Amino acid sequence: MAIDTQTTITGPDTAAPSSRDSSGGARLSGRARLVLFVLCAAQFMVALDFSVLNVALPALGKDLGLNQSALQWAVTAFALPSGGFLLLFGRAADLFGRKKLFLTGLAVFGAASLLATLAWSPASFLTGRALQGLGAAVIVPTGMSLLTTTFPEGPLRDKALGISGTLLSLGYTTGMVLGGVMTDTLGWRSTMGLLVAFAAIVLALAPGLLPESRTPERPRLDVPGAVTVTGGLLAVIYALSTAAQRGFGGADVWGTLLAGLALLAAFVVVESKAQAPLVSLPMLKRRTVAWGNLGGLVTFSMMSTVVFVLTLYLQETLGLSSFETGLIFGIQGVASALAGSYAAKLIGRFGSRRVLVASLLGQGLFVGALLGLGTDSGALLATVAVSLASMCHLGAIISYGVTVTSGVPNEEQGLATGLVTTTQQVGLTVGIPLLGVLATTQASLFDGVRTVLAIDAVIVIAAATLIGLGLRGRARA
């Protein structure tokens with residue numbers, strides 16, 4: 001949809017205000033920038049929550065009396081609901097109103113962050129973390145679907161997704177750096193208090209700026225589908241999160257994993273027979289949806305694994321401090337931001353398919369370059385290679401989001417973006433348990449890191465090749 005003059009957002013699914021620059025490209029108007037700011041701030045806040053607490057865990061454990069083996073629940077309590085309920089809330093937003101659910105998610109997230117900030121016991125803290133995850137499960141798909149329905153397909157949406165993807169990556173990286181600084185200066189509770197402030201600001205601005213939108217049909221929710229997919233995702237994420245801490249040797253890990261896979265298989269059967277399915281199986285058969293989400297799954301899972309093993313390498317093998325390690329990942333974040341500023345232009349020129357494939361190839365090649373790391377030196381190579389790999393990773397994030405949501409009608413955007421964000425969360429969850437554990441279970445940590453990096457690079461390059469073949473002939477989407 002071309003927009004030649006500035007307009008305002010007046011109702012459901014209306015286009016974002018914009019104008020044309022002198023080159024004919026889409027340019028965001030002032031109101032559109034405010035809408036995008038609100039949506040991106042919410043996504044940044046959730047991304048920040050993924051990582052800001054990581055370096056604070058030892059201090060948190062001492063303060064609340066959580067032993068080392070129990071600290072994993074500070075992460076798992078958030079990951080379970082944030083990943084398990086994404087599809088459910090993505091579809092519920094389509095049916096009952098995206099803005100309404102978005103605001104509800106913000107309120108839940110803010111209240112939960114306050115509870116985590118004031119926590120007086122392990123139970124109160126973990127309850128706050130679980131409710132944060134539940135709020136995130138509402139915010140992420142509804143925020144993304146508000147973005148894709150507010151900004152029309154084409155240059156405007158590509159630019160909006162580019163900015164959103166950049167801030168998503170920056171939020172994760174910033175959290176790693178900011179968490180250490182805030183914990184050392186203000187204590188671990190300040191990391192949770194920061195999220196309270198974020199939620200309050202976004203919640204104050206959002207009601208007057210965001211349009212409401214939902215499908216015109218009478219709302220109907222596929223309850224059997226919701227139960228099976230939510231239960232399946234919860235079980236799989238729990239199993240993989242537990243495996244990341246204890247390995248795959250426990251019967252509870254395998255039992256929960258198999259139960260989760262069985263529920264997901266049952267979900268497919270349920271959806272094939274449902275009159276109003278939670279997930280449209282024909283949508284999953286779209287090449288752009290299937291191959292695009294594969295690209296998202298690979299880029300998130302493999303890049304999160306690289307960050308995990310490099311953190312071990314830099315601190316355990318090279319002996320760098322937490323601050324020095326954080327500085328390296330801070331440079332990585334700046335590089336990602338630079339990539340995000342150009343990704344939308346590249347997509348507009350070459351198409352999301354080509355950018356997705358090229359980005360994955362670049363990510364795999366630069367991860368492969370990390371095989372040149374040594375036991376006595378390697379900080380410079382690690383900084384350069386991981387920064388370049390992250391630039392390609394950011395390009396893959398943005399282009400897979402554009403690929404999956406292009407050509408999808410507005411009434412199914414919540415479903416499409418729910419798939420996008422579920423892929424994101426599952427990718428962040430599965431990489432470290434499946435590959436990261438190889439680095440920590442071998443006799444030599446350095447040899448384990450090299451093994452993981454080699455496998456990681458091969459997987460990304462192979463996925464890029466398959467996706468390129470699968471999307472052949474789809475230049476734009």
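Any chance you could look up the accessible area of V196 with a 1.4 Å probe, heavy atoms only, rounded to 10 Å²?
Approximately 40 Å² of V196 is accessible to the 1.4 Å probe.
Between beta-carbons, use under 15 Å as the cut-off and find the net charge around V196, counting Lys and Arg +1, Asp and Glu -1. Walk me through the intermediate numbers first.
Details: positive: R129, R189; negative: D49.
Its environment carries a net charge of +1.
Using per-residue counts of other Cβ atoms within 10 Å, averaged over each peptide, order 449-456, 365-372 from highest down.
449-456, 365-372
Please state, as a whole number in µm²/s, the translational diffusion coefficient that the Stokes-Einstein equation yields for the range 121-181 at 25 °C and 0.890 mPa s, with Rh defined as the Kirkwood radius across alpha carbon pairs.
Taking Rh from Cα pairs, D becomes 178 µm²/s.
Quick one: order C40, C392 from most to least accessible surface, probe 1.4 Å.
C392, C40
Between the DSSP loop rule and a limit of at most 14 other Cβ atoms within 10 Å, which trypsin sites (Lys or Arg not before Pro) in the range 116-170 are left?
Counting only loop positions with at most 14 other Cβ atoms within 10 Å, none of the trypsin sites (Lys or Arg not before Pro) in the range 116-170 qualifies.
Excluding residues on the same chain fewer than 8 positions from K273, give the lysines whose Cα lies under 17 Å from its Cα.
K285
Relative contact order for the range 106-217 using alpha-carbon pairs under 8 Å, separation at least 6, rounded to a whole percent?
Working: 79 pairs, mean separation 39.9, N = 112.
Averaging sequence separation for qualifying contacts and normalising by length gives 36 percent for the range 106-217.
Size of the dipole of the range 264-380 about the Cα centre, Lys and Arg at +1 and Asp and Glu at -1 on the beta carbon, nothing else charged, in debye to 20?
Magnitude of the dipole: close to 920 debye.
Quote the Stokes-Einstein diffusion coefficient, in whole µm² s⁻¹, for the range 80-173, based on the Kirkwood radius over alpha carbon pairs, a temperature of 37 °C and a viscosity of 0.692 mPa s.
232 µm²/s
Under 8 Å for C-alpha pairs, at least 6 residues apart: give me the relative contact order for the range 292-410, rounded to a whole percent.
Relative contact order, the range 292-410: 42 percent.
Compute the orientation-averaged projected area for the range 295-420 from the convex hull of its Cα atoms and round it to one decimal in nm².
For the range 295-420, the mean projected area of the Cα convex hull comes to 8.0 nm².
Please list Y172, Y342 in order of solvent-accessible area, largest first, computed with a 1.4 Å probe with all protein chains present.
Ranked from most to least accessible, the order is Y342, Y172.
Between Q275 and A462, what is the label-to-label distance in nm when each label sits 7 Å out along the Cα-to-Cβ direction?
Here the answer is 4.5 nm between the modelled labels.
Using the Cβ atoms and a cut-off under 14 Å, what net charge is assigned to the surroundings of L106, where Lys and Arg are +1 and Asp and Glu are -1?
That sum, taken over residues with Cβ under 14 Å, equals +2.
What would the Debye equation give as log₁₀ I(q)/I(0) for the range 91-131 at q = 0.15, 0.23 Å⁻¹, counting only Cα atoms as equal point scatterers?
So the normalised log intensities are -0.43, -0.67.
Using a 1.4 Å probe and counting only protein heavy atoms, arrange R287, R98, R91 so the residue with the most accessible area comes first. The partial results should precede the final answer.
Working: R287 100, R98 0, R91 45 Å².
Ranking R287, R98, R91 by accessible area, largest first, yields R287, R91, R98.
Using a/c under 1.5 as the rounded threshold, could you call the range 247-327 rounded, prolate or oblate? The axes a ≥ b ≥ c are square roots of the C-alpha gyration tensor eigenvalues, and prolate needs a/b larger than b/c, oblate otherwise.
oblate
For the range 232-289, calculate the relative contact order in percent as a whole number, restricting contacts to Cα pairs under 8 Å that are 6 or more residues apart.
On the way: 36 pairs, mean separation 18.6, N = 58.
About 32 percent, as a whole number.
The values are calculated or read from the model by the stated rules, or taken from the named source; none is laboratory data. These numbers come from a predicted model, not from an experiment. Quick reminder, even Gly has a Cβ in these numbers, built from the backbone with ideal geometry, and neighbours come from all protein chains shown. To get the accessible areas, we keep the full protein, side chains included, count just its heavy atoms, and leave off ligands, DNA and RNA. Shrake-Rupley method; radii C 1.70, N 1.55, O 1.52, S 1.80 Å.
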